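**Student:** Below are the C-alpha cells for one structure; questions will follow.
Rule-based calculations on the coordinates, nothing more; no lab input. Because the structure is a prediction, the values reported are computed rather than measured. Quick reminder, even Gly has a Cβ in these numbers, built from the backbone with ideal geometry, and neighbours come from all protein chains shown.
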Amino acid sequence: MSNRIQIFDTTLRDGEQSPGCSMNIAEKVELARQLERMNVDVIEAGFAISSPGDFQSVKTVAGVVENAVVASLARAVPEDIDRAWEAVAEAVSPRIHTFLATSPIHMEYKLRMTPGQVLETSEAMVRRAKSYTSDVEFSAEDATRSDPEFLARVFDAVIKAGATTINIPDTVGYAVPDEFYEFLMKIRHRCPALDNVVISVHCHNDLGLGVANSLAGIRAGATQVECTINGIGERAGNAAMEEIVMALATRRDMYGIQTGIETTELVRASKLLSRITGVTVQPNKAIVGENAFAHEAGIHQHGVLQNKETYEIMTPESVGFKANQMVLGKHSGKHAFRTKVEELGYDISEADLQIAFEQFKNVADKKKSVYDQDIEAIIAKRLDEVPVAYELERFVINSGNSITSTAVITLVRDGKSYEKVARGEGPIYASFQAIDKIVGKRMHLEDYQLRSITEGEDALGDAFVKLEADGQRYSGRGLSHDVIEASILAYINAVNKMIYEASMAEEAAN
Ligand code: KIV
Ligand code: ZN
C-alpha cells in the first residue's frame, strides 16, 4: 500500500454551495492558483452544467491549472457528462466526476429509480465519460446509508466500465468513525476490484465528524480524500483540508501517511478564501483560527516559554503563521517593505508593489506601528482591485441619532465629476444610496461587514460588501482609518468589479 494519499479539493464546487460562499470567475481562478501553490492533487472546479457561469469558471480554471487534475462534477445523465467534458477538455489533466445516489431513500424519493436502473445507469454513464477521458471518478451519493451488498455490485460494474476512482461519500454526515471504517472494509471485501482503483472518501460535517470519518476512511484504505479549505460546504460543510493534512502530518506515528500539501500555505489559503467570500473563520478554529496557537492562561504561557512542546503539538510556522513580527513604521523604506511582503509569502509585480508601498506610506503617516496584518490587508486590497471606473473624490455626511442621515457623494469617472445626495437610515446606508444614484443602478446589498485590522485607536478599518445586481454577485473591500470612508471605498470597489466584468463579457462576446 502506498503511503502517499491524494488531496482532492472541492472548495470551488461543494464549498461554493455553502450560503454566502459564491465566487466569481476571477476569484475562482485566484483560489485555484493558491490550490496549485499548495500542491493539491485534484481541483474540483465546479459543476459545469449547473449554469453558464459555472461552465465558464470550470473552463477558465481548467485553462490555467498546470499541475493538478481538474475535475468537473456531472450527474449520471448524458448532457451533464458531455458538458463536463466540454468544460475540462483543455485541462492538462482532465477528470469527469459523475455521481448517482445508491441509498434506498434517495433512489425511491429523489431519483424514482429502481436499484437495477441505478446500476445500469451508473455503468452506462461511466462508459460515456470514459469515451472522453481515461480519468473518470464515480461517486455513490449517500453511500453510507446504502446497502453494502448493492454498493459493491455498483462499484464492480462501474470499475468494469472504466472508473479509475471510486468515491464513497458520507453525503449527509451520518456516519461515525468506527462504523465508517467497518463499512469501507466490508465493501472492499465484497468488491476486490476496488484494490485496483483509487478509493476516495468525501465526508460531510453534520455531526462534526467530517475529519474524523475521513481519517477512519484513510485507515480503511482510502487513498484520496475530498475536502475543502476552512471546511466550507453544503449545510455544516465538508471535512476541512487543513485539519486532515495537519492530523496526518502531526500523527505520522499513527497513520504513516503523507500528503503532497505544502503545509506552510494553509493559513494563506484560509485567509484568501475568507477575503473572497467575506466568511471569516471562528477564532478557535483548529489550525487556521486566530487563536489556534494563542496561549492565554499564565500556566500555559509559562510552560511554552520553557519548552514550546509543553502546549504546542505543531508549530505556528508549519501552517503558515509568521513568527517574525517585525513592525514597520513611517520611516521604513521600500526595501524593508518589499522584504516584508516577500516574507509574508506574496509574489507581486513591481507595479503592484509600488502602489501597495504608497498605500503603506499613507497608513504609516497616521498609524505609529504598521503590523503584518495591516500589510496583508493592503496587499489583499491591491490584489482585489480591478481597473478603476469610479473613484471617490469626496463625501460629506450629516448624521445624528435624531435625524435621518444625509450623504453627499462625489465620484469621478473618466475625468468627470458626478455628485448625488441621498437620505437613509444611518450614514453608511445613505452613502450607498447616493452611489447607486450616480451609477444609475439599483443594487441589492447582500452583506456588509466592518472590522478593525489590528487593535488600538489608530487601527485601520476594513470594510467588506457583497452586492447583487442582475443576478450576479460582486464583493468589494475598502481600507481606511475612517470607517465611513472604508465602507464607501468597499462599495465603489464592488461597483468597479461589476463594470469590469460587464466589459470583459462584452469583449468576449465580440
Ligand atoms: O456529498 C456528496 O455526496 C457529494 C457528491 C456529489 C460527491 O458532494
Ligand atoms: Zn458533498
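**Student:** Report the residues of segment 361-403 in range of a label on SER452: point 7 Å along Cα→C-beta, backbone N strictly under 19 Å from it.
**Tutor:** 363-378
**Student:** Moving to a separate point now. Using alpha-carbon pairs under 8 Å, 6+ residues apart, how would you state the relative contact order of the chain in percent?
**Tutor:** Relative CO of the chain lands at 10 percent.
**Student:** Using 7 Å Cα-to-Cβ label points, what is the ALA286/HIS331 separation (nm, one decimal)?
**Tutor:** Calculated label separation equals 4.6 nm.
**Student:** Between VAL388 and MET254, what is the FRET efficiency for a Förster distance of 56 Å, r being their Cβ-Cβ separation, to the nearest 0.05?
**Tutor:** The value I calculate is 0.60.
**Student:** Right, another one. Within segment 25-60, which residues have the backbone N less than 20 Å from the label spot 7 Å out from GLU79 along Cα→beta-carbon, could you tell me?
**Tutor:** Label zone hits: 46-59.
**Student:** Could I ask something else about it? Relative to 2.2 N^0.38 Å, what does the C-alpha radius of gyration of the chain come to as a ratio? Two decimals please.
**Tutor:** Relative to the 2.2 N^0.38 Å estimate, the chain comes out at 1.06.
**Student:** Can you list the lysines whose alpha carbon is less than 16 Å from that of LYS285, not counting same-chain residues fewer than 8 positions off?
**Tutor:** Result set, ordered by chain and number: LYS271.
**Student:** Work out the FRET efficiency for ASP365 and GLU36 from their Cβ-Cβ distance, taking R0 = 45 Å, and round it to the nearest 0.05.
**Tutor:** 0.75
**Student:** Here is a follow-up. Return, ordered by residue number, the residues of segment 137-167 whose backbone nitrogen is under 18 Å from a label point located 7 Å along Cα→Cβ of ARG235.
**Tutor:** It comes to 140-147, nothing else.
**Student:** Separate question: Simple spin-label model, 7 Å along Cα-to-Cβ: GLU182 to ASP147 in nm?
**Tutor:** 2.0 nm
**Student:** Now, a different point. Antiparallel versus total DSSP beta bridges in the chain: what percent is that, nearest 5?
**Tutor:** The antiparallel fraction comes to roughly 50 percent.
**Student:** Something else about it: Roughly speaking, what is the centre-to-centre gap between segment 377-411 and segment 446-510 when only Cα atoms are used, to the nearest Å?
**Tutor:** 10 Å
**Student:** Ok, one more. Quick one, could you list the DSSP H helices from the chain stretching 30 Å or more along their long axis (Cα atoms) with average Kyte-Doolittle hydropathy of -1.0 or above?
**Tutor:** Helices meeting the span and hydropathy rule in the chain are 483-509.
**Student:** Fully extended, how many nm does the chain gain between ALA89 and GLU120 (0.36 nm per residue separation, minus their Cα-Cα distance)?
**Tutor:** 8.6 nm
**Student:** Note the full-extension length gain between SER402 and ALA502 as 0.36 nm times their separation in residues minus their Cα-Cα distance, in nm to one decimal.
**Tutor:** Taking SER402 through ALA502 to full extension adds about 31.9 nm, to one decimal.
**Student:** Relative contact order for segment 17-111: what is it in percent, counting Cα pairs under 8 Å that are at least 6 residues apart?
**Tutor:** 24 percent
**Student:** On to the next question. Multiply the residue gap between THR339 and THR410 by 0.36 nm, knock off their C-alpha separation, and tell me the result in nm, one decimal place.
**Tutor:** 21.8 nm
**Student:** A follow-up question, please. FRET efficiency for ALA193 and GLU262, Cβ-Cβ distance as r, R0 = 35 Å, nearest 0.05?
**Tutor:** Computed FRET efficiency for ALA193 and GLU262: 0.55.
**Student:** Still on this model: What shape does segment 6-277 take by its C-alpha gyration tensor, where a ≥ b ≥ c are the square roots of the eigenvalues and a/c under 1.5 counts as rounded, a/b above b/c as prolate, and the rest as oblate?
**Tutor:** Verdict is oblate for segment 6-277.
**Student:** Show me the ranking of peptides 268-275, 468-475, 111-118 by mean Cβ neighbours inside 10 Å, starting with the highest.
**Tutor:** Packing proxy ranking, top to bottom: 268-275, 468-475, 111-118.
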